[in-house]
Structures are given as structure tokens and as C-alpha cells.
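Since the structure comes first, as C-alpha cells, the remarks are kept for the end.
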Amino acid sequence: MRYVSTRGGAAPQRFTDILLEGLAADGGLFLPESWPRADLAAWRALSYPDLACAVLACFIDDLPPGALRALAARTYSKAVFGSEDVAPLRTLAPGLHVLGLSFGPTLAFKDMALQLLGNLFEEVLESRGQTLNILGATSGDTGSSAEYALRGKQRIGVFMLSPDGRMSAFQRAQMFSLQDANIHNLAVNGVFDDCQDLVKAVNADAAFKAKYRIGAVNSINWARIAAQVVYYFWGYFRATEAERAADDAPVAFAVPSGNFGNIYAGHVAREMGLPIRQLIVATNENDVLNEFFATGRYRVRASSEVHATSSPSMDISKASNFERYVYDMVGRDGKRLAALWAELGRNGQFELSSDADRAAIAASGFSAGRSTHADRVVTIRRVYRDHGAIIDPHTADGVKVGLELRETGVPLVCLETALPAKFADTIREALGIEPPRPPGFENLESLPQRFERIEPDVEVVKRIVAAGAAP
Ligand SMILES: *Cc1c(COP(=O)(O)O)cnc(C)c1O
């Protein structure tokens, strides 16, 4: 399998070459040259790690023999995700299911991809005799998920900037209680944008970046998408079994969306031949994507326009992975894609509204809706009252919009992107009770914490990276 850039201006590359890179040389995102075909009959009976190996082998064909199987088995285990099923499907009612993607170490779906990414990095760095230093900014979920995926890895240093005092006590404790020597938590006296600016400033120093081999684990990494494709197959197989439906019956997925990474993996699964009837995008008040699917206009927001909501992991100004989807919608025409993104750079927006564009979008099975704080609260209450289940605010956005847009007779699978324990405030507001904490998390906030407070000064960040970089 070879990888090309969405903007059509970079030479095709192998998987292990794009793994450690961010953007392609022409500024585009990498994706496979063509879509592989799924073998639904052979894949249905596989365990989660075996299914992961089968799906990932379609995208990753340049690791040493046996390496992928070993990686998949080590990553998708009961030890890491709490059950042999890894991503258990819960049936709330006939035709309504929740796919549990949040039983990894940080209780959010990002573990499903980042746990694999950490092990892939280790494998490839080991075989090349290289080291890597991850520099990132986080307002919550991504940073902790990356740290739990990379902790203790010999060849990798992690430097994570977060806005001091602005994460929840739970999120802070999750990150800062890590005692591994390769994890460096820097609490910046500022807001999330200050953290992001510091990361950009360090990366702008090309000599420093090269000397300390600075990398990222952002959501545009293809390995993260590939890892997410697996659970669409898994969820489809388990849902059709639960429904006693035909082996090729249509199913709908509802996905709480921000950067468009999670639901884009559903698009990939569909292109590979999975019978997905609907891919339902749920946004919160930050409704960039809802606006696109309603009007054909993609308009990114200024960071001052981003609302701080009670589903904070979907508070985005632009949807980073959306470019890959648009590439398919314009018939994989890299020139046209590049022109659209140039227009986006000039005007902050573009439109895809010709008859051909509309037809392509309609054929892709996507639809979208929006959910607000009041909707989340009502949905959490309703699901608790009717089905006895507690769902987190992000998942509630997905359930709300999924129930609104589902076609009658098509089973709906809602992706559970976090456990309610992470967002206790909203659960308390909706239900008046504390969400249950999984075993091992009871005393999280009282564990000793290890972090460094810093001023938003790029020289300080560089000094800390230089002192603690992986050898
Ligand atoms: C990251 C995240 C999302 C959004 O996923 P995207 O891939 O960015 O669309 C939704 N819910 C939770 C809990 C998350 O952490």
C-alpha cells in the first residue's frame, strides 16, 4: 500500500515513512492510493485483536513479518481495555446500541488509536535506531491519551503543555500523576491557545526541531485513522448479530464529532465495502460540520468564536481530517482540493455546492445535526430513565442527533467516546448523582502529582525539551 497527498503534489510513500511525519511536503494529508476491499465473511468471526490485524494489514504492509500481529495482540488486550471484547456493544433497546470505545487507560475513545500508535512508534524507532520527542498542547483528552500510550517508552520523550488551572481536577490528576521519567507535564500560565502558540514557535525553529527530532501525535496521523476503522467493522458485526439481521444488513452509526477523525474512519470502512447506510455527524454548539452538511459551505471559525461547551472535546474551530473526506468528494482531484484549501486560506471558507458535489456528498451516506447543552442534559436523563444507562455528554450529543436522523428500520449504533466518570459535573446536573468510577480510579485525585509550572516563554520550553529529550 502506498500513500499519496490530498493535494496531489507529493511522491507516493510507504506506511513506515508517513508514520513519523505530520503533513505531506505539499501541505496536504496522507491517505492510501486506493481503498482496499474488506472480506466481511472472513472477518466476522475474528476476535478483536485478530480483526485489528486483518484490517490494519490492508494499510500497513512494510513491517517485519509477524510484527503487526504481535502489536495488535499486545495493544487490544484485556489488560489494556478491560475485556476480551475490547469494544463491547451494549443494546439499549431493539435497534439502538452503544459501542463502548472508552475502556482504555484514559476512559476516552482516543486510547483505541493512540495505544496502537505508541506501540507502532516504538517498533519503527527500534528498527531504525532512532529516537523521537513528542511536543504537544492539550486541553484535556488528547494529552492524557498520548501520555498513557507513550509512558515508559525508551526511545520517546513526551512534553505536554496544558493551560494551568483550566483542566478538570480529574483530567489534571490523570496526566500529572504519571511518574514515568519520559513524561514531562508543563502547566503554562495562560490559555490553551498560548500552549498551541508555544508548540508552533518551537516547531518554527527548524534547527531545533531537527536536532531534537520533534514530532507530534495529532489526529491527522493516518495510523490513528486506520486503528479507528477496525471498530466500525467490529460494531457492525456485533450489532447485526444482536439484531439477528442478515450478514449484509444496513446499519447506521452516530458519531460525536470535532476534528472529523472518528467519523472519517467510518467513511473509510464504508469505502472498503462495509454496508453502512448512514454516517450521522453530531456536533455541539461548535457546528462547523453541521453547517457544511446543511449548506455545502465549509467555514472555519476564529479561536475567539469557539464556544466552551459541556462536551469540551468537540470544541473546535476547524475539522482537521475533513480535507481527506473532501478529497473523495471531489473525485480525488488533488488540484481542485488544493485550490479549495487555498481559497479557505484566503477567505476562511469555501463552498461545495455544484450538482455533482451535492450528488457525491449524498452518495457518501453522511448527514449531520447539532446538539446543545440543554439537549445533552435531556438526552442523559432520557437514556438513564428509559434504559438505565449513564452516558457521557459527548456520547449524548451522538445519541440525540442519531435518534433524530436515523431511518426507520435501520439499527443505530452510537459510538461512546468517553465514560461519564470523566465529566461528573454534567452528570450531576442531569441526574443528581455521581457517575460510577471504574476500578482503579477511586483515589485518582489524591495521588502524588508531578508537573512543572512555566510562563508562556518559548525559550523556557526549549530549555526543558533540550534537558529531557530522549537520548
Ligand atoms: C476527541 C473526542 C471527540 C471528537 O472526535 P473527533 O475524531 O475529533 O471528531 C469526541 N468525544 C470525545 C470524548 C473526544 O475525546
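Bear in mind that the values in this text are calculations on the coordinates, not laboratory data. Worth saying up front: this structure is predicted, and the values here are computed from it rather than measured. Positions of Cβ are backbone-derived with ideal geometry, glycine not excepted, and every protein chain shown enters the neighbour counts.
Taking 19 Å as the straight-line reach from the Cα of K335, none of the lysines fall in range once those fewer than 8 positions away in the same chain are excluded. Does anything in the stretch 383-415 have its amide N under 20 Å from the 7 Å Cα→Cβ label point of A246, and if so which residues? So the set is 407-413. Across the chain, C-alpha contacts under 8 Å between residues 6 or more apart give a mean separation that, scaled by the residue count, equals a relative contact order of 19 percent. Remark: the A70-K211 segment gains 47.6 nm on full extension, using 0.36 nm per residue and subtracting the alpha carbon distance. When the Kirkwood radius is taken over all Cα pairs of the stretch 50-169, what Stokes-Einstein diffusion coefficient follows at 37 °C and 0.692 mPa s, in µm²/s? Calculated translational D: 206 µm²/s. Here's the picture: a label point sits 7 Å out from the Cα of S317 along the beta-carbon direction, and within the stretch 194-231 the residues with their amide nitrogen under 12 Å of it are 194-197. Calculated FRET efficiency, S127 to H387, Cβ-Cβ distance, R0 = 35 Å: about 0.15 to the nearest 0.05. Think of each Lys and Arg Cβ as +1 and each Asp and Glu Cβ as -1; about the Cα centre, that makes the dipole of the stretch 319-392 roughly 240 debye. In whole angstrom, note down how far apart the Cα centers of the stretch 388-460 and the stretch 250-283 are. Between the Cα centres of the stretch 388-460 and the stretch 250-283 lies a distance of 20 Å. Considering only M272, G398, N347, the residue lying farthest towards the positive end of the dipole of the chain is M272, judged by Cα position with unit charges set on Cβ. Compute the whole-percent fraction of alpha carbon pairs in the chain spaced more than 36 Å apart. Value for the chain (Cα pairs over 36 Å): 24 percent. Mean silhouette area of the stretch 246-328, derived from the convex hull of its C-alpha atoms and averaged over all directions, reads 5.9 nm². Computed from the C-beta positions of E407 and A362 and an R0 of 22 Å, the FRET efficiency is 0.95 to the nearest 0.05. As an exercise, identify the trypsin sites (Lys or Arg not before Pro) in the stretch 14-92 lying in DSSP coil whose Cβ has no more than 13 other Cβ atoms within 10 Å. Passing sites in the stretch 14-92 are R14, R37. Here the stretch 319-471 yields Rg over Rh of 1.11, to two decimals, using C-alpha coordinates and the Kirkwood radius. Computed over the stretch 189-246, the P(r) curve from all C-alpha pair distances, binned at 10 Å from the origin, holds 17, 26, 22, 15, 13, 6 percent per bin. Since only A254, A25, N218 are under comparison, the one whose Cα sits farthest along the positive direction of the charge dipole of the chain, derived from C-beta charges on Lys, Arg, Asp and Glu, is A25. Beta bridges from DSSP with both residues in the chain: antiparallel share about 25 percent, rounded to the nearest 5.
Taking 7 Å steps out from each Cα toward its Cβ at D457 and N189 produces label points 0.9 nm apart.
The dipole here belongs to the chain: it is taken about the Cα centre, uses +1 on the Cβ of Lys and Arg and -1 on the Cβ of Asp and Glu, and is about 340 debye.
Under the criterion of Cα pairs below 8 Å and six or more residues apart, the relative contact order for the stretch 1-146 equals 16 percent.
Quick one: if the Förster radius is 30 Å, what FRET efficiency do N203 and T91 give, using the C-beta to C-beta distance and rounding to 0.05? Taking R0 as 30 Å, the efficiency between N203 and T91 is 0.05.
When the Cα centres of the stretch 168-218 and the stretch 105-126 are compared, how far apart do they sit, in Å? Between the Cα centre of the stretch 168-218 and that of the stretch 105-126, the gap is 17 Å. Taking the Cα of D62, stepping 7 Å toward and past its beta carbon, and measuring to each backbone N in the stretch 1-32: which are under 12 Å? In the stretch 1-32, the label zone of D62 (backbone N under 12 Å from the point 7 Å along Cα→Cβ) covers 1-4, 11-21. Sequence-distant contacts, meaning Cα pairs under 8 Å at least 6 residues apart, place the relative contact order of the stretch 146-191 at 54 percent.
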